[in-house]
Every structure is written in C-alpha cells, then in structure tokens.
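Participant: I'd like to ask some things about the structure below.
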Amino acid sequence: MDFNDALNNHLRLTEKQKNILERAGFKTVRDLLWHFPARYEKFHIPKAAADLAEGDEAAVSGRVISSKTLKTWRRRMAIAETIVSDGTGTLRITWFNQPYMANILTPEKEYSFSGKVQRNKKGLYMANPDYREGVVQYEQENKDGLSPIYPETRGLHSKWFQFAIKKILKNLPAGLNDPIPAEILKNYNLPSLRTALLAIHLPKKEKMSEAARKRFAFEEIFLIQLDRQRKRIERDKLEAGAINIDQEKIKEFRSSLPYALTSAQEKSVAAILADISYSKPMSRLLEGDVGSGKTVIAAIASYAAASNGKQVAYMAPTEVLARQLYQEFIERFRNYRLAVALATSAEFRKFPSKAYPAKDTHLSRSQLIKFVGSGQVPILIGTHALIQDKIKFRNLGLVVIDEQHRFGVNQRAMLAQKSTPHLLSMTATPIPRTLALTIYGDLDLTILDEMPPGRKKVITVIVPPSQRARAYEQMRAEISQGRQAYVVCPRIEENSVAAKKISLEMKSVKEEHKKLSASIFPEFEIGILHGKMTPKEKEKEMNSFRENKTKILVATSVIEVGVNVPNATIIMIEGAERFGLAQLHQLRGRILRSTHQAYCFIFTESPSQKTLARLKALTDANTGFELAEYDLQFRGPGELSGSKQWGISDIGMEALKNIKMVEAARLEAQKLLQKDFELKNYPALKSLVPRFENLHFE
C-alpha cells in the first residue's frame with residue numbers, strides 16, 4: 001500500500017462519493033488516514049431489547065432481520081432503517097442522512113449497537129448509534145474498547161469514516177516505512193507509524209490514543225521545522241551586502257523624531273542595525289503589540305539602507321495601509337532628499353514631484369518601473385504589486401514586510417528573491433511563542449514588549465442590548481469634546497433575501513451608516529469605508545476622517561491593520577462574535593494612538609456562554625500576547641485571527657500548546673540537517689517536507 005494511492009483503489013466508491021470526497025479534500029489514502037478522530041466513545045451497558053425504555057442509554061446485541069432505505073414524510077430526508085432482534089424482542093435502528101448504512105449491515109449477521117433509546121409513533125428506536133460487528137461483552141469494552149468519532153463534513157458522516165478507515169487499516173503492511181528516524185522515536189518514546197495509525201483509529205485504551213496523538217503532533221511540527229531550518233541555512237549562505245551604519249547620520253535622523261524611543265525600541269533598532277551591518281542576510285521578525293512603535297523602527301532601518309545607496313521595498317497587506325505608510329515616510333524623509341514612491345494595483349505615485357518639490361505626483365506604471373530600475377527611487381512602498389515580475393530594483397538592500405503573517409511564504413520569498421536583501425518582517429497580530437517558533441522558525445525573533453509612555457489601557461466593555469443607547473450617549477459625549485469614533489461591522493451590505501433575514505445578527509456597513517446618520521447621530525458627519533470602494537474613494541474618506549471633518553467612520557475590518565488617527569478614541573464593534581480575538585485586538589488598537597482615554601464597546605447578539613467567555617478575555621487581557629495564549633488554549637491557532645486557512649492541522653495545534661515539544665522538534669530538525677542537509681538518507685522524510693512550504697498564519 002502506498003499512502004499516495006487514490007482512494008478508489010482501496011474503496012468501492014460511487015461517482016457521487018468520489019465527488020464529495022474530492023470536494024472535501026480526500027483524494028489519497030494519506031488524506032483519509034490522517035483524518036484523525038475528534039474524540040472517542042465507549043459502549044454503554046448491554047440490555048435486552050425487552051427491557052429497554054425510552055431515555056435509556058444502553059447497548060443491544062442482536063441479529064439483523066431487515067434493512068431498507070426510505071425518506072421522511074415532511075422533510076424528505078433519506079434514512080436507513082434496520083430491525084434487530086436479540087431473542088427477547090426487536091429494536092428499530094435509524095440512521096438519518098446515512099442511507100448507505102442499509103447496505104453496510106448484512107442480514108442475519110450479529111451486531112452490537114450503543115446509543116440513546118427514543119420513542120416515536122412506530123415505537124422505540126435508536127438514532128445514529130455506534131455499532132460493532134458481533135456481540136460485545138461489556139466487561140471487555142469497559143476497560144478496552146473505544147469507538148472513534150470523526151469530524152464530519154457535508155455528505156461524510158463519522159460512521160462512514162469509521163467503516164472506510166477500518167477497511168484500509170486491514171491492509172496496512174507490517175513493515176511500514178516510518179519517516180521519523182528511529183533514534184528520534186526512541187528518544188521521545190514515540191510509537192512507530194504503523195502502531196500510531198492503528199492506535200489513533202482503533203485504540204483499545206485511552207493511553208494508546210494519547211501516545212499516537214503525541215507522535216503525530218510531534219511529526220507535523222518536526223516537518224515544519226525541517227522546512228524552516230533548511231530555508232534558514234540556505235539563506236545564511238547567501239550574500240546580502242553589508243550596510244555601513246553611519247551612527248552620526250542615524251543619531252541626526254532620530255533627533256528629528258517628535259518623541260524619544262522606548263527602551264524596547266532601542267534594543268530592536270540596535271539588533272536590526274547590527275544584523276544589516278553584516279553581509280549575511282538579516283531574517284528578523286519584529287513582533288509588537290498594536291501601537292508599540294514598529295513603523296518608526298522600520299523607518300530608521302530604511303534610512304540606514306537608503307543613505308548607503310541601497311533601495312528599500314516596503315510591502316503592506318492593504319492599499320489603505322500602504323497609502324498611510326507612504327504619507328508617513330514622506331513626512332519622515334522630506335528633509336533628507338530621499339525619494340519615496342507608492343505602488344498598488346490601482347495607482348503609482350512618487351515624492352517629490354519634479355514640478356512641485358514640496359508635493360508628490362501621480363506616475364504611470366512604466367515611469368515607476370523605470371525610476372525603480374534606475375535607482376532613482378530609494379524607498380518603494382506598496383502592496384502585492386511590489387512582487388510583479390516587471391518591477392526590478394537596481395540595488396535592493398532591505399525588504400520590510402508589514403503584517404507579514406498575511407503573506408504566504410512564497411509571496412514573501414518572491415519579494416526577497418528580487419536579489420538577496422536583508423529581510424525585516426513585522427506583525428502586530430499577537431502570536432504565541434510556540435507558534436512563532438514554528439511558523440517563523442526561519443526568522444530571528446525580536447519582541448517589542450513596551451508601549452510608549454502615557455498610553456492608557458483601553459476600557460473595553462461588552463455591551464448588552466439593553467445598554468446600547470447608553471453606549472451611544474457616551475460616544476456622543478466624547479465626540480462633543482472633539483474626539484472621533486469608529487463603528488465596525490462584519491459585512492458591507494445586505495445583498496440577498498437570506499442576508500436580510502440575519503441582518504440583526506450580522507450588521508452591514510451600508511445599513512448601519514444609513515441608520516446612524518438618520519436617527520442616532522444626525523448632528524455629526526459620518527463616513528463609510530469598505531473593501532469594494534475605489535482607491536480614490538477610500539483615500540477621500542480617510543483624509544476626511546484624519547482631518548476631523550468626519551466624526552464617525554463606519555467601516556468593515558479594512559481598518560484593522562495599521563490605520564493611524566490619534567484623535568479617534570472610541571470604537572464600536574458590531575457582531576463581535578464573528579471576529580477572532582486577535583482581530584478584535586487589532587481593531588481595538590486603532591484607538592490606542594494617543595494619551596487620551598480610549599473606549600471599546602463590543603456588541604454581540606449571541607447568547608452563547610462560550611462566546612461571552614471568549615469576549616470577556618478581551619476585557620481581561622493586558623496585552624495581545626496574553627490574549628494570543630488564551631486563544632491558543634481555548635480556540636486553537638487556526639482561529640486566532642478568525643480563520644482556519646493557515647495549514648496546521650488540529651493535531652498539530654496540540655503540539656503548539658506544548659513549548660517543550662516545539663523546542664524538541666526544532667532541536668531535532670537542526671541536528672538532522674547538520675548531519676544530512678539534503679536528507680539523502682531519509683527519502684520518506686524528504687518527500688513530506690514540501691507539504692509545509694506554503695504554511696502561513698492568517
């Protein structure tokens with residue numbers, strides 16, 4: 001058996017099943033065998049069919065008398081119905097939405113069923129029970145037998161996974177090639193691949209499944225570390241070109257800043273300037289909480305590079321942030337005769353203009369490409385547009401990537417590969433240490449753990465529906481004192497009948513803008529900002545808000561990253577349950593830009609206690625790092641920013657909760673690569689590493 005075999009080589013599948021499996025991402029034997037149980041259930045105490053009563057949780061062993069498929073009268077739901085007899089009586093077994101069960105259970109064969117006994121017009125029945133072949137003895141099952149319960153997806157139920165995986169495991173070869181070296185398995189007391197696969201899918205004891213989960217968690221983190229450490233070693237062999245640090249010039253530039261750096265910023269600047277003074281390319285991640293001052297550090301590094309004749313490419317995830325950084329850098333470098341340019345998918349600009357040196361000017365794409373290629377633009381700021389093939393730098397010395405978790409590894413590499421520049425990645429998204437060590441194992445980590453002096457902690461309040469009017473009044477009082485406010489909604493507009501039905505739960509920007517303007521705050525100028533607007537429309541709205549002409553800005557999470565308006569001191573977040581904690585923390589950071597007291601009002605229509613407990617963590621945590629650790633423990637890393645698109649499995653998540661396991665995987669990866677960088681002696685391992693190349697945190 002080869003794990004890369006197509007599933008239909010081992011299972012009898014209909015065309016419909018093939019399509020369902022493919023849509024869900026199950027194409028190979030590996031895909032199926034690495035779909036691990038979410039939990040396990042034990043069989044209930046056996047009872048005779050004659051002794052069963054409604055509400056019992058019991059196990060019944062009996063012979064299948066008949067099986068058939070039918071549809072429910074009202075909802076036309078496909079079901080399988082089986083009649084079982086144990087000699088004392090009969091019991092109806094029903095599987096909802098699983099008609100295939102009628103073909104799986106063999107007539108006249110004995111099975112054991114475990115579940116809750118219910119009653120309808122036809123009498124007693126069990127719905128979707130766990131089942132085993134043969135008669136199950138309770139004494140044995142109570143101490144040994146566990147039934148796997150798998151995560152389900154549309155058209156693929158746990159019972160189908162049990163059946164299919166068990167069938168494939170019957171043909172699992174005895175001498176299965178294990179990708180993890182034997183000495184590593186021995187050092188950490190991890191089971192072999194074959195033992196682990198059997199133990200995780202068909203465990204006889206809980207300890208067996210726990211050992212198997214530990215092995216697969218370690219394996220995933222180990223493979224990621226191998227990929228990251230190889231990239232790091234390969235990058236360290238390259239030549240970036242040392243940047244001569246003129247301390248007098250740096251001192252002069254820093255003296256032009258309107259504030260003194262914090263001690264954390266001082267340490268970060270020192271580490272970065274030391275890195276770029278060597279020919280070995282810098283690879284550093286600067287992680288700092290919202291408002292901790294990462295941009296000014298990037299500006300100092302950019303000045304050091306540009307004043308040495310090197311070019312700087314600064315990539316931001318959104319056009320709004322790219323334009324803001326462009327304006328900020330113009331102000332920073334206005335007196336230093338350094339040209340700054342902007343490149344997004346919608347526009348190209350350059351400062352200074354030849355005709356009007358105090359202003360910037362619009363450029364054509366070809367003009368910008370020419371200026372960058374000739375070296376006339378030392379600092380280029382932009383979005384994904386920077387990685388276009390036609391943009392070629394004459395002497396690229398430094399790449400800065402803002403909110404770098406939003407870019408995949410390949411996107412970051414495409415920018416860095418325009419030559420071999422020094423690389424500074426930055427993020428304000430709170431990332432737990434284990435996650436940073438794993439996903440960014442190829443980068444050195446610097447943490448900004450200090451806020452500028454005078455910043456006050458944002459007062460965060462979860463507002464119940466009955467207190468909404470009171471929150472509005474507080475917003476009115478703040479705006480009347482000269483402050484400004486954001487109102488954030490999860491959606492742009494009501495674009496369908498279904499959307500209108502749930503609009504109370506999921507507010508839209510357009511509807512909220514209309515309501516606030518007409519009936520809540522008619523006395524204030526209210527702006528609107530969302531991703532479907534043109535760049536010119538976005539810029540007009542942002543300028544109006546920056547200049548305090550607009551008092552309230554109703555927006556989607558497009559303001560989440562980097563938007564800086566110090567006068568805004570209130571943010572109202574509608575439908576907060578629809579955002580991840582890290583995303584909520586980022587949104588709250590928009591009002592942490594001054595020494596004024598700031599307020600964050602969180603609205604949720606969800607009555608769920610779990611949701612309220614999660615949102616309460618936002619009110620309790622002092623820093624984004626605390627919040628990230630909470631989210632990792634209680635939600636899982638794939639949801640840290642409200643998404644599950646970054647590639648680590650649920651079982652890999654378990655390793656991220658264990659710093660010792662992450663550090664062990666990192667150490668073993670480094671040791672193995674020192675011994676065999678090309679992994680020539682570990683072909684199975686080598687074939688698996690590329691699976692994690694594009695892993696990123698989003």
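Participant: Of the numbered conditions (1) within 27 Å of Leu198 (Cα to Cα); (2) under 44 Å from the mean Cα position of the chain (by Cα), Ser61 satisfies every one except a single condition; which is it?
Facilitator: (2)
Participant: Let me ask you something else. Glu220 passes all but one of (1) acidic (Asp, Glu); (2) surrounded by fewer than 17 Cβ atoms within 10 Å (Cβ to Cβ); (3) touching a residue at least 24 places away in the same chain (Cβ under 8 Å); (4) outside any loop (DSSP other than H, G, I, E, B); which number fails?
Facilitator: The number of the failed condition is (2).
Participant: Can you tell me which residue in the range 223-263 is farthest from the chain's Cα centre (by Cα), limited to those that are among the polar types (S, T, N, Q) and surrounded by 15 or more Cβ atoms within 10 Å (Cβ to Cβ)? So that I can check it myself, show each step before the final result.
Facilitator: To start, the set of residues in the range 223-263 that are among the polar types (S, T, N, Q) comprises 225, 229, 244, 247, 255-256, 262-263.
Still in the running and surrounded by 15 or more Cβ atoms within 10 Å (Cβ to Cβ): 225, 229, 262.
Working: Gln225: 18, Gln229: 22, Thr262: 30 Å.
Among those residues, the one meeting the criterion is Thr262.
Participant: If you check Gly309 against the conditions, is it part of a loop (DSSP other than H, G, I, E, B) and touching a Lys or Arg at 6+ places or on another chain (Cβ under 7 Å)?
Facilitator: Numbers: part of a loop (DSSP other than H, G, I, E, B): yes; touching a Lys or Arg at 6+ places or on another chain (Cβ under 7 Å): no.
Considered against the rule, which asks whether it is part of a loop (DSSP other than H, G, I, E, B) and touching a Lys or Arg at 6+ places or on another chain (Cβ under 7 Å), Gly309 comes out as no.
Participant: Quick test for you: out of Leu380, Leu424, pick the one residue that is within 23 Å of Thr318 (Cα to Cα), at pLDDT 90 or above, assigned to a strand (DSSP E or B) and under 25 Å from the mean Cα position of the chain (by Cα). Full working, then the answer.
Facilitator: On the way: Leu380 fails: under 25 Å from the mean Cα position of the chain (by Cα).
The conditions single out Leu424.
Participant: Here is a follow-up. Given the conditions (1) assigned to a loop (DSSP other than H, G, I, E, B); (2) buried (at least 18 other Cβ atoms within 10 Å of the Cβ); (3) assigned by TED's automatic domain parsing to the domain that holds Gly123, and given that Ser61 satisfies all but one, which numbered condition is not satisfied?
Facilitator: Of everything listed in (1) assigned to a loop (DSSP other than H, G, I, E, B); (2) buried (at least 18 other Cβ atoms within 10 Å of the Cβ); (3) assigned by TED's automatic domain parsing to the domain that holds Gly123, Ser61 misses just condition (1).
Participant: Being in a helix (DSSP H, G or I) and without any contact (Cβ under 8 Å) to a residue 12 or more places away in the chain is true for just one of Ala260, Ala270, Ala264. Which residue is that? Steps first, answer last, please.
Facilitator: Details: Ala260 fails: in a helix (DSSP H, G or I); Ala264 fails: without any contact (Cβ under 8 Å) to a residue 12 or more places away in the chain.
None of the other options fit; the residue is Ala270.
Participant: Among Ala304, Ala355, Ala322, which is part of a helix (DSSP H, G or I), of a type in the set (A, V, I, L, M, F, W, C) and either more than 21 Å from Asn564 (Cα to Cα) or at pLDDT below 90 (or both)?
Facilitator: Values: Ala355 fails: part of a helix (DSSP H, G or I); Ala322 fails: either more than 21 Å from Asn564 (Cα to Cα) or at pLDDT below 90 (or both).
After ruling out the rest, the residue left standing is Ala304.
Participant: I need the full set of residues from the range 506-524 which are exposed (fewer than 14 other Cβ atoms within 10 Å of the Cβ) and closer than 29 Å to Leu325 by Cβ, in order please.
Facilitator: none
Participant: Looking at the range 586-607, I want the residues that are in contact (Cβ under 8 Å) with a residue 12 or more places away in the chain and have a partner that is among the aromatic types (Phe, Trp, Tyr) and not in a loop (DSSP other than H, G, I, E, B) with Cβ atoms under 8 Å, at least 6 apart or on another chain. Which pairs are those?
Facilitator: Leu587/Tyr486; Arg590/Tyr486; Ile591/Tyr486; Ile591/Tyr599
Participant: Are any of the residues in the range 160-169 surrounded by fewer than 13 Cβ atoms within 10 Å (Cβ to Cβ), assigned to a helix (DSSP H, G or I) and touching a Phe, Trp or Tyr at 6+ places or on another chain (Cβ under 9 Å)?
Facilitator: no
Matching residues to (1) at pLDDT 85 or above; (2) in the same structural domain as Tyr259 (by TED's automatic domain parsing); (3) surrounded by 18 or more Cβ atoms within 10 Å (Cβ to Cβ):
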residue	(1), (2), (3)
Gly575	yes, no, yes
Gly580	no, no, yes
Leu584	yes, no, yes
Thr595	no, no, no
Ala613	no, no, no
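Participant: Of Ser641, Ser687, which residue is among the polar types (S, T, N, Q), out of contact with any strand residue (DSSP E or B) (no Cβ under 6 Å at 6 or more places or on another chain) and either more than 23 Å from His201 (Cβ to Cβ) or modelled with pLDDT under 90 (or both)? So that I can check it myself, show each step before the final result.
Facilitator: Numbers: Ser687 fails: either more than 23 Å from His201 (Cβ to Cβ) or modelled with pLDDT under 90 (or both).
The unique qualifying residue is Ser641.
Participant: Here is a follow-up. Restricting the search to the range 19-41, which residues are without any contact (Cβ under 8 Å) to a residue 12 or more places away in the chain and within 23 Å of Ala196 (Cα to Cα)? Give the steps one after another, and end with the answer.
Facilitator: At the first step, the residues of the range 19-41 found to be without any contact (Cβ under 8 Å) to a residue 12 or more places away in the chain are 19, 22-23, 25.
Hit for the range 19-41 is Gly25, nothing else.
Participant: So which pairs qualify, if the first residue must be in the range 5-18 and in contact (Cβ under 8 Å) with a residue 40 or more places away in the chain, the second must be hydrophobic (A, V, I, L, M, F, W, C), the Cβ gap must be under 6 Å, and the two must be at least 6 apart or on different chains?
Facilitator: His10/Ile168; Leu11/Ala164
Participant: Out of all the residues in the range 278-297, which are farther than 20 Å from Pro453 by Cα, among the small types (Gly, Ala, Ser) and either modelled with pLDDT of 95 or more or assigned to a strand (DSSP E or B) (or both)?
Facilitator: Selection gives Ser283 alone.
Participant: Right, here's the next one. Taking into account only those residues within the range 488-505 that are at pLDDT 60 or above and of a type in the set (A, V, I, L, M, F, W, C), which is surrounded by the most Cβ atoms within 10 Å (Cβ to Cβ)? Spell out the reasoning first.
Facilitator: Of all residues in the range 488-505, those at pLDDT 60 or above come to 488-492.
Retained after the next criterion (residues that are of a type in the set (A, V, I, L, M, F, W, C)): 488-489, 492.
On the way: Val488: 29, Cys489: 25, Ile492: 18.
Filtering first and then ranking leaves Val488.
Participant: Which members of the range 290-302 meet the condition of being surrounded by fewer than 24 Cβ atoms within 10 Å (Cβ to Cβ) and hydroxyl-bearing (Ser, Thr, Tyr)?
Facilitator: Result: Thr295, single match.
Participant: Inside the range 591-617, can you point out the residues that are farther than 12 Å from Lys457 by Cα and of a type in the set (A, V, I, L, M, F, W, C)?
Facilitator: From the range 591-617, those farther than 12 Å from Lys457 by Cα are 601-617; that's our starting set.
Within the range 591-617, Phe601, Ile602, Phe603, Leu612, Ala613, Leu615, Ala617 meet the criteria.
Residue-by-condition table, conditions (1) crowded, with 16+ Cβ neighbours inside 10 Å; (2) among the β-branched types (Val, Ile, Thr):
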{"residue": "Pro37", "(1), (2)": "yes, no"}
{"residue": "Glu41", "(1), (2)": "no, no"}
{"residue": "Lys47", "(1), (2)": "yes, no"}
{"residue": "Ala53", "(1), (2)": "no, no"}
{"residue": "Leu70", "(1), (2)": "no, no"}
{"residue": "Met77", "(1), (2)": "no, no"}
{"residue": "Thr82", "(1), (2)": "yes, yes"}
{"residue": "Met101", "(1), (2)": "yes, no"}
{"residue": "Phe113", "(1), (2)": "yes, no"}
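The values are calculated or read from the model by the stated rules, or taken from the named source; none is laboratory data. Everything quoted here is computed from the prediction, not taken from an experiment. Virtual Cβ from ideal backbone geometry, glycine too; neighbours counted across all protein chains shown.
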